[in-house]
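The structure under discussion appears below in the form of structure tokens.
The values are calculated or read from the model by the stated rules, or taken from the named source; none is laboratory data. Here the structure is a predicted model, which means the values were calculated and not measured. Positions of Cβ are backbone-derived with ideal geometry, glycine not excepted, and every protein chain shown enters the neighbour counts.
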Amino acid sequence: MAELLARLQGDLNTARKAQDKPGTLLLSTVLSEIKNKKIELRREPGDIEVIDVLRKSIKKRRESIEMYGKGGRQDLADKEAAEAAALEKYLPAQVPDEELRAAVRAAIAGGATQIGAVMGKVLPQFKGRAEGGAINAIAREELGKQG
């Protein structure tokens, strides 16, 4: 079993014992999404797959924060923000922007002149350690300097 998955399950048990209803619900939901990933993969998910599920879950919550904010439901936006923050503590430390920028520059120097080519070279290097959106923004900025 993936180390991260074991940690999530342990934290779920702790939340249940402490009768932390929001924490129990959040972790149960994420573990359910991981279980679906296991069915999809037809094997136990590793830490990389668990991190991927967590990132998608955080992304959904960030989108909800935006929607609730526009709808004037700050109470719900705050709840989603708290859940996103709670899930983020399970992610590995993010790669610094300088390291991402160096990899993007190396990909461009290696002949990648389109955003897709740059992303194709850089994204696999940082799987699970950096968000695609951050890499994309840096890649667009660096490609803009080329033109």
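Given the conditions (1) more than 27 Å from D20 (Cβ to Cβ); (2) touching a Phe, Trp or Tyr at 6+ places or on another chain (Cβ under 9 Å); (3) in contact (Cβ under 8 Å) with a residue 60 or more places away in the chain; (4) not small (G, A, S), and given that I51 satisfies all but one, which numbered condition is not satisfied? If we test I51 against (1) more than 27 Å from D20 (Cβ to Cβ); (2) touching a Phe, Trp or Tyr at 6+ places or on another chain (Cβ under 9 Å); (3) in contact (Cβ under 8 Å) with a residue 60 or more places away in the chain; (4) not small (G, A, S), just (1) comes out false.
Do we find that A86 is free of Cβ contacts under 8 Å to residues at least 40 places away in the same chain and out of contact with any Asp or Glu (no Cβ under 8 Å at 6 or more places or on another chain) in this structure? So A86 does not fit the description; no.
So which helices (runs of 4 or more DSSP H) are wholly in region 1-115 and hold at least 2 residues that are of a type in the set (S, T, Y)?
21-41, 47-70
Evaluated against (1) closer than 20 Å to I48 by Cα; (2) in contact with a Gly (Cβ under 7 Å, 6 or more places away or on another chain), A77 falls short on exactly one condition, (1). Evaluating P92 against the criteria (1) without any contact (Cβ under 8 Å) to a residue 24 or more places away in the chain; (2) within 30 Å of K145 (Cβ to Cβ) leaves one unmet condition, (1). Considering only residues of region 8-27 that are within 14 Å of E83 (Cβ to Cβ) and exposed (fewer than 14 other Cβ atoms within 10 Å of the Cβ), which is farthest from the chain's Cα centre (by Cα)? Only one residue fits best here, namely K21. From the list I65, I34, the lone residue that is surrounded by 13 or more Cβ atoms within 10 Å (Cβ to Cβ) and under 21 Å from G133 (Cα atoms) is I65.
Contact map, region 100-112: first residue surrounded by 16 or more Cβ atoms within 10 Å (Cβ to Cβ), second residue modelled with pLDDT under 85 and part of a loop (DSSP other than H, G, I, E, B), Cβ cut-off under 8 Å, separation 6 or more or different chains; pairs are L100/A130. Looking across region 124-147 at every residue that is free of Cβ contacts under 8 Å to residues at least 60 places away in the same chain and not in a helix (DSSP H, G or I), the one that is farthest from Y90 (Cα to Cα) is identified as G147.
Out of R129, R73, I need the residue that is basic (K, R) and at pLDDT below 90. Which one?
Being basic (K, R) and at pLDDT below 90 holds for just one of R129, R73, which is R129.
Counting the residues of region 38-58 that are in contact with a helix residue (DSSP H, G or I) (Cβ under 7 Å, 6 or more places away or on another chain) and surrounded by fewer than 17 Cβ atoms within 10 Å (Cβ to Cβ) gives 3. Within region 63-73, can one find any residue that is of a type in the set (D, E) and touching a residue at least 24 places away in the same chain (Cβ under 8 Å)? No. Kindly evaluate E142 against the criterion of being touching a helix residue (DSSP H, G or I) at 6+ places or on another chain (Cβ under 8 Å), under 21 Å from D47 (Cα atoms) and of a type in the set (D, E, K, R). Considered against the rule, which asks whether it is touching a helix residue (DSSP H, G or I) at 6+ places or on another chain (Cβ under 8 Å), under 21 Å from D47 (Cα atoms) and of a type in the set (D, E, K, R), E142 comes out as no.
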